[in-house]
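Here's the structure we're looking at; comments come further down.
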Amino acid sequence: MSNVFVLDHPLIQHKITHIRQTETGTKDFRDLVDEVAGLMAYEITRDLPLTEIEIETPVAKMKSKVLSGKKIGIVPILRAGLGMVDGVLRHIPAAKVGHVGLYRDPETLKPVEYYFKMPNDISERELIVVDPMLATGGSAADAIDSLKKRGARRIKFVCLIAAPEGVKYLQEKHPDVDIYLAQIDEKLNEKGYIVPGLGDAGDRLFGTK
Ligand SMILES: O=P(O)(O)OC[C@H]1O[C@H](OP(=O)(O)OP(=O)(O)O)[C@H](O)[C@@H]1O
Ligand SMILES: O=c1cc[nH]c(=O)[nH]1
Ligand SMILES: [Mg+2]
């Protein structure tokens, strides 16, 4: 069964409070999502392998550690996942970026895929799938299905806010995928929105409502 990591650092909690508030406008919403994604990157990459190299300081020679060059891919689920890409890339700038385009049909709440473009070596990369919201879990589970069908083997899923229903669904569908999130909310409402949540992440990020 996949692990669920709740990244509840005080800086993350503070910023999530502002992200949730109705009066937070598009620019601040976008900046805060970017900042939280950057802070989360620190924990998501905690298990990256290191290797030792020999270096010289002005005082002496020493052995010191550097990242061993593990290949990483960041995969935003369009649209809202785009808001988390730069924050993660800031810390792992050599990562490649693949895109999965999905929208949730407002009637059925089922995800509909409209775009898929990946680096051609995804089977060799650890993939970090990002999307601010995990509601029913349908979008995340379908995006990961598509990645696995194209050969992806190691995947982490990262979101800001999750509903308990979405966490359970994703764990059942993809028990090998660890989930990193900032907060788990109370429930879904009848329209599939997370309560209390933050509303529609894509619309708030891009000012489309
Ligand atoms: O867990 P689920 O029930 O599938 O819901 C979560 C999905 O809904 C939102 O996307 P939306 O369909 O609103 O598309 P958008 O990012 O283009 O706004 C969100 O960004 C997730 O991708
Ligand atoms: O609360 C929700 C649920 C799905 N998608 C969102 O953007 N917000
Ligand atoms: Mg949306």
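The values are calculated or read from the model by the stated rules, or taken from the named source; none is laboratory data. None of these values were measured; they are calculated from a predicted model. Cβ atoms come from the backbone with ideal geometry, glycine included; neighbour counts cover every protein chain shown. What goes into the accessible areas is simple: the full protein's heavy atoms, side chains included, and nothing from ligands, DNA or RNA. Shrake-Rupley method; radii C 1.70, N 1.55, O 1.52, S 1.80 Å.
In the condition set (1) outside any loop (DSSP other than H, G, I, E, B); (2) more than 22 Å from ILE16 (Cα to Cα); (3) open to solvent by 20 Å² or more (accessible area, probe 1.4 Å), GLY151 is compliant with all but (1).
Only residues that are over 13 Å from the mean Cα position of the chain (by Cα) and either charged (D, E, K, R) or surrounded by 12 or more Cβ atoms within 10 Å (Cβ to Cβ) (or both) were counted across the stretch 36-49, and they come to 3.
Close Cβ contacts (under 6 Å, 6 or more residues apart or on different chains) running from residues in the stretch 183-209 that are within 12 Å of GLY166 (Cβ to Cβ) and open to solvent by less than 20 Å² (accessible area, probe 1.4 Å) to residues that are more than 7 Å from ligand 2 (Cβ to nearest atom) and of a type in the set (Ser, Thr, Tyr) comprise GLY192/THR136. With (1) surrounded by 14 or more Cβ atoms within 10 Å (Cβ to Cβ); (2) touching a helix residue (DSSP H, G or I) at 6+ places or on another chain (Cβ under 9 Å); (3) modelled with pLDDT under 95 as the list, and MET1 as the residue in question, which single condition is left unmet? Unmet condition: (1). Here ASP86, ASP105 are screened, and the one residue that is surrounded by fewer than 18 Cβ atoms within 10 Å (Cβ to Cβ) and closer than 19 Å to ARG204 by Cβ is ASP86. Among the residues of the stretch 23-33, are any surrounded by 10 or more Cβ atoms within 10 Å (Cβ to Cβ) and more than 16 Å from GLY207 (Cβ to Cβ)? No - not one qualifying residue is present in the stretch 23-33.
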